[in-house]
Every structure is written in C-alpha cells, then in structure tokens.
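Note sheet for the following structure.
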Amino acid sequence: MTIFSNNTTRQILRFAGVIIAAGLIFIEGVAAQNTERDRRDFELGKSIEILANIMREFESGHVENISASDLLNAATRGMTLATDPYSEYISEEAMEDFDILTTGRYAGVGSLIRKKGDYILFAQPYKGSPSDVAGAKIGDKILAINGEDMKGRTASDISARLRGEPETSVEVVVERNYDNSIDTLHITRRRISIPSVNYAGYVRDGIGYIQHSDFIEGSYNEVRSALEMLMSTDTLRGIVLDYRSNGGGVMQGAVDIASLFVPRGERIVSLMGRDSSSLYHFTTNHAPLVLDIPVVMLVNGSSASASEILAGALQDMDRAVIMGQRTYGKGLVQGTRHVGYNGYLKYTTAKYYIPSGRCIQSRNYQSGGSATMVPDSLIDEFRTAGGRKVYDGGGIVPDVKVEAEYVSRFALTLYAMGYMEDWADEYMRKHPDQQIDVRTFRLTDKDYADFCRFVEERDVPYESETRRALTALEKAAENDRYSETLGEAIASLKALVKDDKMSNMETYREEINDALTIEIILRYAYREGVAEHAMAHDKEVDKAVELLLNQEEYTRLLREQDLNMH
C-alpha cells in the first residue's frame, strides 16, 4: 500500500476539489443555457399561439371580411419593421419579382412601362429585346393585349400579361407615339437578361471607362468582357470604374469582380453573425486580368452593399483610388429561408467586414426597428495593406472627395410629374428621322423655349425650401406676437424670392436641359447612348482621368494619404 504524506494528500484533495468545482460550474453553465433556451422557446410558442388567435378572431369576427393572407402579410410587415429595413416576407406571388432582382433574368418582352392617363406606355424597350425587335418605341400607348382592352389597367397588370413562357407569342395593339396611328405588334417572349454593365469604352488617352449599375448573376462575366474589349482595342493605361448609384445585389459578384484586379487567394470580405463562431471569409478564386493597371473607382451616397464591399476591398488593399462621396453604409447580410407554401423569409443574418477589419454598416438597428448612426466616440482606426489609416463607422470614405452636384427639387418635380417624358415624346413626333451624335447632342435654345411653353400650360406643385422657411417663420412670428415688428421684414424677404414656375425654369435651366437631353438620347440610342453621353460630359469622370494621367499623385495617394474619419 502506498502511503502519501499529509502535504501530498492535501494537494490531491485540493486538486479533486478543483475538478469537482469545475464540473459543477460546467453543469451549472449547461443548466443555465438550457433554462435560457427553455425560456426563449416558451416565449416563442406563447407569441405564436397569441398571433394565431388574433388572426383567427379578425378573420372570423371582424365587421369587414378580411382574408387570412391579408392578415398574414400585415403581420409579417409588422414583424420585419421591428428588425431592420432589409428583412421581409416574400410570398409565392412576389417570388418572381424577387428572382428578377437577384438574377436580372425573366421571360417576357423586355421593356420598362409607365402609366399616363388611362393607359400604360412603353417607357424603355431594351436594345435587341423582343419588344424592340417587334418595333415598340418609347411613348407607344398599349391599347390592347391579346384582344383585351387595356384602358384603366395598372402597370402591374400589364406587366403580368406581357410576361410568360419563353417562345410564346403575345399580341399587343399600340397607338404610335410619333403619328397616333394604330399598329399591331406580334411579340415573341424570350428569356430577358438585363445587362448590368451599361457602357464600356475609352474616355481618352488610353483611359478606359466601365459603368456598372448593379450586381446580378453574370455581372462578373460582363465586367470581365468589358475589360477584355478595352484591352483588345487600345493600349489600356488606366481604368475608371463607375459604381455611382450602384445599390449592390449578389455579394459573390463583388468578390469575383475584385479578383480581376488583385491576386488569387486574397480575402475580400468576411461575414459574421451573432458571434465569432459564424465567421466566414470570401477570397478571390479567379486569376487576375489587370493586376497592375491604375484604377479609380467612382462612388456616391447611393453606392451600397456589394458596391461598398468592392470599393472597400480595393481601398484596403491599396489597389484603387476611391473618388466621390461617402457611400451609403449598408453592411448587413440577408439570407432567405423557406417558411412554407412557397413563401420565403428574407432576413438579416450577418454583417460585412472588409479586409482591414472594418464593418461598413453605418446604422445600428435596435429592437423595434429604430436606427441610430455610429457615434464618433465608437469609430475605430484601421490600417490598409500599406499602412494608411482608415476608419469604420459606416460606408466607404473616398480617398479623393468630390462635392455632389446639386439637383433642384423643381427639376425633380418636373420629372416626377412625367412632363419631361411627355415633352420628349412630342419632340420625337416632330423629329422622327433625326440623326444624333450621342456624345455631343444638346438641345437648342429654341427647343428649351418650346419646353417652357409646354410647362407653362401645366400645374407644377412646387414650393422652394426658402419660401417654406419664410412661411414657417411668418407663422412662428404670429404665434410669438412678433407680427408687428417682423411682419414687414418677412414680407420683403418673400418678395425677393423668385420661385414662381417660369422663374424656376430659368433658374434651373442647365440641369433641366441636361435631363431633357438624356430623355431624347434614350429614345434614339437606348440606355447605352445615355451612358456614353453622360460619361463624355461628367466632371467627376474628367477628374478621375486627370488623376490617372498624373502617375505621381496617384501613387502618392495610395502610399501616403490617410483617410479622414468622415
């Protein structure tokens, strides 16, 4: 028998006690976890039962007849509003539209439509689409589809009738915009793939330009093809990537497009859910195509999600100069889960983190769906691959900031009322055989005067911010009993504000003229022509080209310049 000393015995007992204590702690921890899980399961079950009871009572006893599907849609809207703006229930009926958003493909005639009065018009047949091949033009009024009168129909109703199985035919009777004649179009539906690269070409001096509008399936192949085209037609010395107002889409597209510019195996984005156990990294899998050619990427406040992943990754890797305005700051990842009866729940499962470790999400969504911006006190400093300082806090802060061009509410009102499109339709009736150069085309003074006469005959519900402020000041002065002392001064200021309709037509002439020019080009040269015209007259594109041609400044920015916090 082995005899232990008293000291050894005490050590053994102490060690055993530690093991027993650790075991108790572990058991207590597991028990606590189980208790918490049981509590949450009970709360969930109770809530589901209450919700079902409320729906049953409304469906069976409300004074008005309410369908269960309407109640479900309302309930899911309420639930998703309590989380964040990106979560939603997608019913079986809405799945087709969701698929179009993610794939850019559908079976139909290939045209945008818009409502005017009692009828729906062809608003933009895509180049080479079935509607375009059949002869549909912008402004043509849809009178009947397959023999059925379309007067008073909604845009969604018309859209549903124009879609269908590939290789099936649809008969569309239209009233021609250019001469009001009646024509019958026989359109053969087919799979429509909406391009995500609107335009690719050379700006000048070996500088290529690619305008990419959204991230859908096939975007990588489109951008790659655009780069290959540029490389085959001239000596490519630099590239302007235009991602302004690109709202994102399929995240994998950003990873794949980044692989065109950086080595294989580079981490582009990481996803993490509630804790680090859900961390997942996405790296480049394709061989690069333009590894050493300088790149300037244009962004603005409407560049979001996948656009921000691409911009942030290229910035963190010191591979491109980012130019423009701070991006939107959408760093939340959505996944979809089948929830029965061909319905899906799209909900936020994780956040995006770019190579430096920054999260690009700018808003924190609390319980109840309320949002708060990341305060300066919580903004952290990170480093790019080359050691430059960058910051989180939401969105991508450009290396070169460019002030956004102001667009007046008056011009936006004219567009929203449909007046610009209506006048452009009239212009086409007056100039049916005109040939234009999309890069240099511009409306004449006579054309603009004609549009002014067109607007003069129509109501424009617009009041300037200045006049609104003066009206509010006048009301406040009246409430505060200052009318006698301030009334005359306020009246004088009001008299100085020239915001009547025709004065505004002159004040905002340049931007209105630009918008009208684009409407005309769209009718002659499709959206590809619009992109080419915009590129040729874009001050930010000119600034990007100037930087690419100044190799010393371009290199300095990527090697030395730290970013500001905002």
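When percent of Cα pairs over 40 Å apart is calculated directly from the model, which label among (1) 26; (2) 44; (3) 48 fits? Entry (2). Placing unit charges on the Cβ atoms only, positive for Lys and Arg and negative for Asp and Glu, gives the chain a dipole magnitude near 1640 debye about its Cα centre. Could you run the Debye sum over the Cα atoms of segment 136-237, one equal point scatterer each and no solvent, and tell me log10 of I(q)/I(0) at q = 0.21 Å⁻¹, two decimals? Ignoring solvent entirely, the Cα scatterers give -1.00.
Measuring between alpha carbons in the structure, the pairs from 137/543; 351/543; 330/401; 330/389 lying more than 30 angstrom apart are 137/543; 351/543. Using modelled backbone amide H atoms (1.01 Å from N, in-plane), which distant-in-sequence or interchain residues come within less than 5 Å of residue 383's amide H? Correct list: 390. Of the listed residues 389, 127, the order by accessible area with a 1.4 Å probe, largest first, is 127, 389.
For segment 413-422, putting each phi into the Karplus relation 6.51 cos²θ - 1.76 cosθ + 1.60 with θ = phi - 60° gives couplings of 5, 4, 5, 4, 6, x, 5, 5, 5, 5 Hz, in residue order, rounded to whole numbers and with x for Gly and Pro. Using equal-weight Cα scatterers in the Debye expression, the normalised intensity of segment 322-378 in log10 at q = 0.22, 0.25, 0.31 Å⁻¹ is -1.01, -1.14, -1.27. With a 1.4 Å probe rolled over the protein heavy atoms of all chains, the accessible area of 337, 429, 176 falls in the order 337, 429, 176, largest first. At a 1.4 Å probe, what is the % contribution of carbon and sulfur to the accessible area of segment 262-314? Roughly 49 percent of what the probe reaches on segment 262-314 is carbon or sulfur. To the nearest ten degrees, helix 509-536 and the longest principal axis of the Cα atoms of the chain are 80 degrees apart.
The phi torsions of segment 309-325, fed into the Karplus equation with coefficients 6.51, -1.76 and 1.60 and a -60° offset, translate into couplings of 4, 5, 5, x, 5, 5, 6, 5, 8, 6, 9, 8, 8, 8, 10, x, 10 Hz, rounded to whole numbers, with Gly and Pro shown as x.
Listed by chain and number, the lysines whose C-alpha is less than 24 Å from the C-alpha of residue 494, apart from same-chain residues fewer than 8 away, are 475. A cut-off of 5 Å between modelled amide H atoms, ignoring neighbours fewer than 5 places along the same chain, links residue 107 with 164, 192.
The mean accessible area for residues of the chain, using a 1.4 Å probe and ignoring ligands and nucleic acids, is 54 Å² per residue. Computed over segment 174-264, relative contact order equals 26 percent, with contacts defined as Cα pairs under 8 Å that lie 6+ residues apart. Taking 0.692 mPa s as the viscosity and 37 °C as the temperature, the Stokes-Einstein diffusion coefficient of segment 53-150 based on its alpha-carbon Kirkwood radius rounds to 191 µm²/s. Over all Cα atoms in segment 317-465, the spread is summed up by Rg and Dmax: 23.9, 62 Å. Semi-axes of the equivalent ellipsoid of segment 447-544 are 40, 17, 10 Å, computed as sqrt(5λ) over the eigenvalues of the C-alpha gyration tensor in descending order. What the Kirkwood sum gives for segment 371-428 is a hydrodynamic radius of 16.0 Å, with every pair of different alpha carbons counted.
The values are calculated or read from the model by the stated rules, or taken from the named source; none is laboratory data. Quantities reported herein were computed from a predicted structural model and do not represent experimental measurements. Cβ atoms come from the backbone with ideal geometry, glycine included; neighbour counts cover every protein chain shown. We work out accessible area using only protein heavy atoms, side chains counted, and drop any ligands, DNA or RNA first. Shrake-Rupley method; radii C 1.70, N 1.55, O 1.52, S 1.80 Å.
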